[in-house]
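S.K.: Below you will find the structure I want to go over with you.
The values are calculated or read from the model by the stated rules, or taken from the named source; none is laboratory data. From a predicted model like this one, the values you see are computed outputs, not experimental measurements. For neighbour counting, all protein chains shown are included, and Cβ atoms are generated from backbone atoms with ideal geometry for every residue, glycine included.
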Amino acid sequence: MNEQRKKAPPSIDEVYKLARDNNRMLHAMRRSALIGGIVKFVFWIALFFVLPYVIFVIYLQPYLTNIQSAYSDFNNTVDTVGQTADDLKNVRDNIPNFGDFFGRFGGEN
């Protein structure tokens, strides 16, 4: 059993080969870690910035455009009703005894 434990020390060439192999593996691990970090960074940028923009453009923008158009049409209608009310007030003020006309039919002045 003592013979198995007692091995000859490795030669300089063996140590050199092991060191080169170890160095090659460490460089490969470092390169893989760098590439993995870059891939993770790109993934998170895409997840937080590109994906929400794509979702907005594809799914939400048509609905928001329709809502904005409906709101604009509603505002135009309200403005038209307001102008019509102003026009009726001007007609009432310009025609004498116009208020009496509505009073005959049960309306107010």
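S.K.: Given (1) among the basic types (Lys, Arg); (2) exposed (fewer than 10 other Cβ atoms within 10 Å of the Cβ); (3) in a helix (DSSP H, G or I), where does Lys17 come up short, assuming only one miss?
M.R.: So Lys17 meets the others, but not (2).
S.K.: Tell me, yes or no, whether the stretch 86-96 has at least one residue that is outside any helix (DSSP H, G or I) and either of a type in the set (Asp, Glu) or at pLDDT below 90 (or both).
M.R.: Checked the stretch 86-96: at least one residue is outside any helix (DSSP H, G or I) and either of a type in the set (Asp, Glu) or at pLDDT below 90 (or both).
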